[in-house]
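The values are calculated or read from the model by the stated rules, or taken from the named source; none is laboratory data. As the structure is a prediction and not an experimental result, all values here were calculated from the model. Here the Cβ positions follow ideal geometry from the backbone for every residue, glycine too, while neighbour counts run over all protein chains shown.
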Amino acid sequence: MIRFLFKQPKPKRFDFKPRFYNERKEQLNARIEAVKKELQMESGPSSAGAMRSRMQTAWREGSGDRSRRRSNKVVFLIAGLLAVIAYLLLYR
């Protein structure tokens, strides 16, 4: 009964707002904006900003492919070395 005489602290509320980041959607929106800018410029020479954005996009797309190919080569090289070592250990 004494428990009810004192003010009890209320539990804190959980206030979590989840965030979702979609990288593909961001890239698609950036490309759409770049195309809109190019269309607005009509047939004039392309600006430095448009060229920079095209180069950045190409760089990002190409860098993933190169790193993926390199990592695959390393995995195959390690697997080959392990196979040779296993062959030498088992059949000698």
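Hey, does segment 14-23 have a residue that's in a helix (DSSP H, G or I), of a type outside the set (A, V, I, L, M, F, W, C) and modelled with pLDDT of 75 or more? Yes; the residues of segment 14-23 include at least one that is in a helix (DSSP H, G or I), of a type outside the set (A, V, I, L, M, F, W, C) and modelled with pLDDT of 75 or more.
Can we say Lys37 is surrounded by fewer than 10 Cβ atoms within 10 Å (Cβ to Cβ) and either outside any loop (DSSP other than H, G, I, E, B) or modelled with pLDDT under 85 (or both)? Against the criterion (surrounded by fewer than 10 Cβ atoms within 10 Å (Cβ to Cβ) and either outside any loop (DSSP other than H, G, I, E, B) or modelled with pLDDT under 85 (or both)), Lys37 does not qualify. A Cβ distance below 8 Å, combined with a sequence gap of six or more or placement on separate chains, defines the contacts here; from segment 38-59, residues that are farther than 17 Å from Leu28 by Cβ reach residues that are modelled with pLDDT under 75 and assigned to a helix (DSSP H, G or I) in the pairs Met41/Ala50.
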